[in-house]
Amino acid sequence: MHDPEFNVEEGQIPEEILQKWEARGVSRRDFLKFCSVMTASLALPSTFMGKIAEAMEADNRPSVIWVEFQGCTGDTEAFLRSNQPTAAEIILDYLSIDYHETLMAAAGHQAEAAKQASMEKYKGKYIAIVEGSIPMAENGIYCTIAGDSALNIARKVCGNAAATIAVGTCSSYGGLPAADPNPTGAVSVSEAVPGVAVMNMPGCPLNTENLTAAIVHFLTFGRLPATDNFGRPKFAYGKRIHDNCERRSHFDAGQYAEKFGGAGHRQGWCLYKLGCKGPETYHNCPTVRYNESLSWPVQAGHGCIGCSEPQFWDSMTPFYKRLPQVPGFGVEATVDKVGLGLAAATAVAFGAHGIASALRKGDDDSKGKKED
Amino acid sequence: MSTLELRYVWEWPVRLTHWINVISIVVLAVTGFYIGNPFVAVPDVNAYVMGWMRFLHFIFGYLFAISVVVRIIWMIFGNKYARFKAFAPWASVEGWKNMLGTFGYYTFVKRKPPFCVGHNALAVVAYSGIFVLFIIQILSGFALYGQFAPGSFWDNTLGSLLVVFGSQGLRLTHHLIMWLLIAFAIQHIYSGWMMAIKEKNGTMGSIFSGYKFIDTEDES
């Protein structure tokens, strides 16, 4: 069937663009791979490959200001760890990263001045990327950079940006610093800077392929991709891990690894009974995977811990059990122990009541009435 | 003179929804318990145990939800024993009397339970609570069910529950309420049985036939 809208030419990447990238040290094959991976990640038709290549070509190298607060630099590490020309490398070459504490050569006043300069020069045009949570307790004294609190920096940096991306679980939801009892009053970027539109890209660490795809989407279409209830881009967080999991057939069959190293575990059965949180976690880990698509936790034999879900350190624990603990019943009480206790207590109470009732006097109607 | 009169108390929608609820709660508890903690070991790769358990759970979840909704609608159209008013004894002086009387009977303070044709007041207080649990169970169940398809009907209507309470919080609640309903079932069967024996009015039979034996002298 011939579709008049479909144009093979659109999907092709012009020769001169490929040559330019070759001159920059990125082979044609790598650049083609990059464009096709990005198109597929964003769930776009293959005809968009040419558009993506053109967007990467346009002479508008966007300025990026990457700030880090209460985080472990894990997201930066994830972004930089590439040992072959990859998506991340291409995008790193293309972007103009004007401020990044881990990457920049400048230090001290010089660095702050550079940040200030690019914020003014590209006001409303740059991309703000935030890593780590923002402490709100005691006026934010728990995290200060160059004498200014994280909260103030976030207000300035995110408030003047064209788009703000929160990378990692800490900046998306507060993450580990916000876990109970949250001594620093850590919150997410969207909570700290309510007026600013923030796109959350949680994960511990976030998946670089997704961040790259989000930036490519921004470069190609001039806006960030569509988001869900939690402010996450749907292309990366639109499906549960469980629904794309390679061990799903074992789940449906009823085959579960009972313990690490056990028979079921060695056969690659479902990790549900070892506390896998795949059924409540939205992420594209099973399809995109980590470390250049090498592997991901479930493939490596460990259940998902739900690291990209809100408050995962509080809500997804215990990591090796399916359900959270019942509040108020001590650390080891599971819901089934509490429930069984409740049912047993009911049975005992009414059993005793039954015996007492059987023995009680005055059952006889006439007798009862006389005494009333 | 004491005469017994056969009276039609539970109309057919009341009995039908009651028994649909019984069957669905049993199926939902067994399949739900399996889903939470798969207790059957399956060596065959071609099995589909969890798949069928979940399928049954969802089918009976729908059946149960419809039954509960029908019963709530029947609180508008049903007879006086089935209406909203009967489920709120705390709204009337008589209701309070009946409640305290029944409580007195259960705690061995009184020798006879207060006379009533439909439910006694203490029982309906429990049933009102049970309806609340049913509704929480249905809402949390369909919210969790909607997780498999973001953007689906259930995700759009109940997805906000996942944002407010968290999906694990909802799972825990869903699981806890199952145990509360099991505890309720124990009490419910016991009380029905006890009243049937003590009042000799055919309480246990009435949920099958709809009829109770009413002592006209008691009623006056």
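Residues whose amide H falls under 5 Å from that of A:Ala163, counting only those 5 or more places apart or on a different chain, are A:Ala128, with hydrogens built in the peptide plane.
Applying a 4.7 Å Cβ-Cβ cutoff to the protein assembly as shown, the cysteines left without a disulfide-compatible partner are A:Cys35, A:Cys72, A:Cys143, A:Cys158, A:Cys170, A:Cys245, A:Cys270, A:Cys276, A:Cys285, A:Cys304, B:Cys116. As a size descriptor, the averaged projected area of the C-alpha convex hull of chain A was calculated at 31.6 nm². Spin-label model, B:Gln187 to A:Asn229: label points 7 Å out along the Cα-to-beta-carbon direction sit 3.1 nm apart. Using the rule -39500 (n - 2.57) for each DSSP H run of four or more residues, divided by the residues of chain A, the 222 nm mean residue ellipticity is -11000 deg cm²/dmol. Averaged over peptide B:189-199, the number of partner chain Cβ atoms lying within 10 Å of each residue's Cβ comes to 3. Entry for the stretch A:165-212 at q = 0.17 Å⁻¹: log10 I(q)/I(0) = -0.47, Debye formula applied to identical alpha-carbon scatterers, no solvent contribution.
Computed from backbone phi, the HN-Hα couplings of the stretch A:309-326 come to 9, x, 6, 4, 5, 8, 8, 8, 7, x, 5, 9, 10, 6, 10, x, 6, 7 Hz, rounded to whole numbers (Karplus: 6.51 cos²θ - 1.76 cosθ + 1.60, θ = phi - 60°; Gly and Pro given as x). In terms of packing, defined here as the mean over residues of other Cβ atoms within 10 angstrom, the peptides A:226-236, A:109-119 line up highest first as A:226-236, A:109-119. With the convex hull of its Cα atoms as the shape, the stretch B:13-160 has an orientation-averaged projected area of 12.4 nm². Each listed q (0.21 Å⁻¹) maps to a log10 I(q)/I(0) for the stretch A:242-315 from the Debye sum over equal C-alpha point scatterers, namely -0.90. Here the stretch B:102-118 is scanned for amide nitrogen atoms under 19 Å from the site 7 Å beyond the Cα of B:Lys200 along Cα-to-Cβ, giving B:111-117.
Inter-chain Cβ neighbour count for A:135-147, averaged per residue, equals 0 (cutoff 10 Å, partner chain atoms only). Per residue, the average separation of C-alpha pairs within less than 8 Å and at least 6 apart gives chain A a relative contact order of 12 percent. Across peptide B:41-52, the average count of Cβ atoms from other chains found within 10 Å of a residue's Cβ is 5. Residues whose amide H falls under 5 Å from that of A:Ile145, counting only those 5 or more places apart or on a different chain, are A:Ala150, with hydrogens built in the peptide plane. Per residue, the convex hull spanned by the alpha carbons of the stretch B:68-138 comes to 82 Å³. Each peptide among B:183-196, B:44-57 gets the average number of other Cβ atoms lying within 10 Å of its residues, and from highest to lowest they stand as B:183-196, B:44-57.
By how many nm would the segment from A:Lys259 to A:Thr47 lengthen if fully extended, with 0.36 nm per residue of separation less the alpha-carbon distance?
Numbers: separation 212, 0.36 × 212 = 76.32 nm, distance 4.69 nm.
Extra length available between A:Lys259 and A:Thr47 comes to 71.6 nm.
Each label point was placed 7 Å from the Cα along the Cα-to-Cβ direction; for B:Met75 and A:Gln12 their separation is 6.9 nm.
Work out which helices of chain A, taken as complete DSSP H runs, extend at least 24 Å along their axis over the Cα atoms and score a mean Kyte-Doolittle of 0.0 or more, then list them.
The qualifying helices are A:335-359.
Packing, as the average of other Cβ atoms within 10 Å across residues, places the peptides A:33-39, A:334-340, A:353-359 in the order A:33-39, A:334-340, A:353-359, highest first. Amide H contacts for A:Tyr290 (H built 1.01 Å from N in the peptide plane; partners 5 or more residues away or on another chain; cut-off under 5 Å): A:Ser295, A:Trp296.
Couplings for the stretch A:261-276, taken from phi via the Karplus curve 6.51 cos²θ - 1.76 cosθ + 1.60 with θ = phi - 60°, read x, x, 4, x, 5, 5, 8, x, 6, 4, 9, 3, 6, 8, x, 4 Hz in order; Gly and Pro are left as x. Reported to the nearest whole Å, the Cα centre-to-centre distance from the stretch B:60-123 to the stretch A:119-151 is 59.
Read-outs: derived from the displayed coordinates by stated rules, not from any lab. Quick caveat, the model's predicted, so the values are computed rather than measured. Here the Cβ is made from the backbone with ideal geometry for all residues, glycine too, and neighbour counts use every protein chain on show.
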